[in-house]
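The structure appears right after this line, and notes come after that.
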There are 2 protein chains.
Amino acid sequence: MTTSTDSDHLLDLLKASGARITKPRRVIVRILAEKGGQHPDAMDIFRRAVREDSRISLPTVYRTLKVLEEQGAIQRHAFSDGRSRYEPAAGEHHDHLIDMDTGDVIEFHSEKIEQLQEEIARELGYEIVHHRLELYGRKRKAGKRR
Amino acid sequence: MTTSTDSDHLLDLLKASGARITKPRRVIVRILAEKGGQHPDAMDIFRRAVREDSRISLPTVYRTLKVLEEQGAIQRHAFSDGRSRYEPAAGEHHDHLIDMDTGDVIEFHSEKIEQLQEEIARELGYEIVHHRLELYGRKRKAGKRR
DNA sequence: GAGCAGATGATAATGATTTTCAATACTGCA
DNA sequence: TGCAGTATTGAAAATCATTATCATCTGCTC
């Protein structure tokens, strides 16, 4: 149940930048647009891509991701586990809560926090260009203990 | 004007964990305790260490940093530039504002933001273990434009 | 349908960090 | 203080994620 529209949107962005729409790019973009796979890293994407077209290569995945990132079509996140993870650029900004046990990524947004950040930066004489807020935590076990 | 006390504190933590106090570790710990060098990466530390004892190796720097990190004696930060940067674990938690033009790192702390984070995590059913908040910005130019 | 710039795949290179392993040096104990 | 035994070291090679090289291929324009 892949929304072909999202995929098309990414392709449009690519085309608008003068890039050619190739078969590998179609596949990669389709994967990125899938709602299911949350925040895949390059290898995740590569593995899925190979299933659709066995001759896609890892470098092509990286190259395509880079182009898409430069176009602002997707966002790259560098969580503290070494590799980068990607997601289609959502219209609205959000931050991340990372489940330390499962690696799940939950998105959230707090206008209050955003405002406080602006305030702090202003006090320090700065203007925020972008920021990164990640919470690393564990599910609260109701009453359960170990 | 290196405070030998800070350095000693780190050595104590090392010793407490059953680690041996070796010459390379002494040097590395001393460097970390220096007030001057703000947020050095492993290579920065290595370069400085070599000046004090030319036979220290890079792997030893990494190994020592890892031990110190496990002991909670220092904190590792993975800013979005690939390599990790370290700093002695301050008694108090703080976040970072990174000057995008100069690379300077400014520390700040906001109890309000911390509380909001806790609140958000709680609502999502999580307990925060640690977090990362980085603001990337530029100095506000008062009236000046380019 | 031809031609060419841009894209691809295979492979090698890079940069940061980690591992391997034989040699060395802390530490506790005699 | 000397010494054994183990943690630690340095040198070199291995990993891991990512990027560059380069000859080949293929969208795309005419």
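Every read-out reported here was derived from the displayed coordinates using simple, explicitly stated rules and does not represent laboratory data. The shown structure was predicted, so the numbers you read here are calculated from the model rather than taken from an experiment. Every residue, glycine as well, gets a Cβ built from its backbone with ideal geometry; the counts of neighbours run over all protein chains shown.
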For the stretch B:4-88 (alpha-carbon point model, no solvent) the Debye-based log₁₀ I(q)/I(0) at q = 0.16, 0.20 Å⁻¹ works out to -0.54, -0.86
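How big is the antiparallel share of DSSP beta bridges in the stretch B:14-146, given as a percent to the nearest 5?
On the way: 9 of 13 bridges.
Antiparallel: roughly 70 percent of the beta bridges in the stretch B:14-146.
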Which one of B:Lys112, B:Lys15, B:Lys23 has the biggest mean-square fluctuation once chain B is modelled by GNM with Cα springs under 10 Å?
B:Lys112
Run through the other copies and list how far each one's label point is from that of A:Asp81, in nm with one decimal, shortest first; the point sits 7 Å from Cα along Cα-Cβ.
2.6
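Kirkwood Rh, the stretch B:95-137, all Cα pairs: how many Å?
Numbers: mean 1/r = 0.0862 Å⁻¹.
Result for the stretch B:95-137 stands at 11.6 Å.
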Could you give the dipole magnitude of the stretch A:95-137 about its Cα centre, charging the beta-carbon of Lys and Arg +1 and that of Asp and Glu -1, in debye to the nearest 20?
140
Inter-chain Cβ neighbour average for residues A:66-79, partner chain, 10 Å:
1
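Counting Lys and Arg as +1 and Asp and Glu as -1, each charge on the Cβ, what is the dipole of the stretch B:1-139 about the Cα centre in debye, to the nearest 20?
1040
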Under the rule rounded for a/c under 1.5, else prolate if a/b exceeds b/c, else oblate, using alpha carbon gyration tensor axes a ≥ b ≥ c, chain B is classed as oblate
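If the only charges are +1 at each Lys and Arg Cβ and -1 at each Asp and Glu Cβ, what is the size of the charge dipole of the protein assembly as shown around the Cα centre, to the nearest 20 debye? Kindly include the intermediate steps, with their values, before the conclusion.
On the way: 52 positive and 50 negative charges, 275 e Å.
My answer is approximately 1320 debye.
Can you give the average number of partner chain beta-carbon atoms within 10 Å of each beta-carbon in peptide A:112-121, as a whole number? Walk me through the numbers before you get to the answer.
Working: counts 5, 8, 0, 0, 4, 8, 2, 3, 10, 8.
Mean number of neighbouring Cβ atoms from other chains: 5.
Please compare each pair in B:Lys112/B:Lys141; B:Lys15/B:Lys139; A:Lys139/B:Lys66; A:Lys112/B:Lys139 to a cut-off of 31 Å on the Cα-Cα distance and tell me which ones are over it.
Numbers: B:Lys112/B:Lys141 27 Å; B:Lys15/B:Lys139 43 Å; A:Lys139/B:Lys66 27 Å; A:Lys112/B:Lys139 23 Å.
From B:Lys112/B:Lys141; B:Lys15/B:Lys139; A:Lys139/B:Lys66; A:Lys112/B:Lys139, over 31 Å: B:Lys15/B:Lys139.
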